[in-house]
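The values are calculated or read from the model by the stated rules, or taken from the named source; none is laboratory data. Computed from a predicted structure; not experimentally measured. A quick note on method: Cβ atoms are made from the backbone with ideal geometry, for glycine too, and the neighbour counts reach across all protein chains shown. SASA here: full protein model, heavy atoms, side chains in, ligands and nucleic acids out. Shrake-Rupley method; radii C 1.70, N 1.55, O 1.52, S 1.80 Å.
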Amino acid sequence: MDAHYGDGVVDYFKKQNLQIAVYRPLALIKRENEFDIKCSVKGGGSTGQAGAITHGIARALVELEPVSYT
């Protein structure tokens, strides 16, 4: 499953639980609409890809503001 440039989370992940998982790091800090995120994932199936994206977003947020999220 390879995403194409510009595909949204809702278009790429058909299962709602995966869509929620991807947005979870931003939702936890109530900043869902403050970032434009571009990522690339390949292999591992849709659940693994959603997990990788979630992990990447969370790590980026910690790097952005380490005091707030650790």
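Grab the DSSP H runs of the chain that are 4 residues or longer, score each as -39,500 (n - 2.57), total them, divide by all residues and round the 222 nm result to the nearest 500 deg cm²/dmol.
Working: 4 runs with 41 residues, N = 70.
Value at 222 nm, helices only: -17500 deg cm²/dmol.
Between residue 16 and residue 31, what length in nm is gained on full extension when 0.36 nm per residue of separation is reduced by their alpha carbon distance? Display every interim value, and only then the final one.
On the way: separation 15, 0.36 × 15 = 5.40 nm, distance 1.96 nm.
Contour length minus Cα-Cα distance gives 3.4 nm.
Surface analysis of the chain yields an accessible area of 75 Å² per residue, using protein heavy atoms and a 1.4 Å probe. Computed from backbone phi, the HN-Hα couplings of region 33-44 come to 9, 9, 10, 9, 10, 10, 8, 9, 10, 8, x, x Hz, rounded to whole numbers (Karplus: 6.51 cos²θ - 1.76 cosθ + 1.60, θ = phi - 60°; Gly and Pro given as x). The charge dipole of the chain, taken about its Cα centre with unit charges on the Cβ atoms of Lys, Arg (+1), Asp and Glu (-1) only, comes to about 240 debye.
When P(r) over Cα pairs in 5 Å bins from 0, in percent is calculated for this entry, the matching label among (i) 3, 17, 28, 24, 15, 8, 3, 1, 0; (ii) 3, 18, 33, 28, 13, 4, 0; (iii) 3, 16, 28, 27, 14, 8, 3, 0 is (iii). Summary value for the chain: 34 percent relative contact order, contacts being C-alpha pairs under 8 angstrom separated by 6+ residues.
Provide the gained length on full extension for the span residue 42 to residue 63, in nm with one decimal, where the gain is 0.36 nm per separating residue minus the Cα-Cα distance.
Numbers: separation 21, 0.36 × 21 = 7.56 nm, distance 2.36 nm.
Full-extension gain reported as 5.2 nm.
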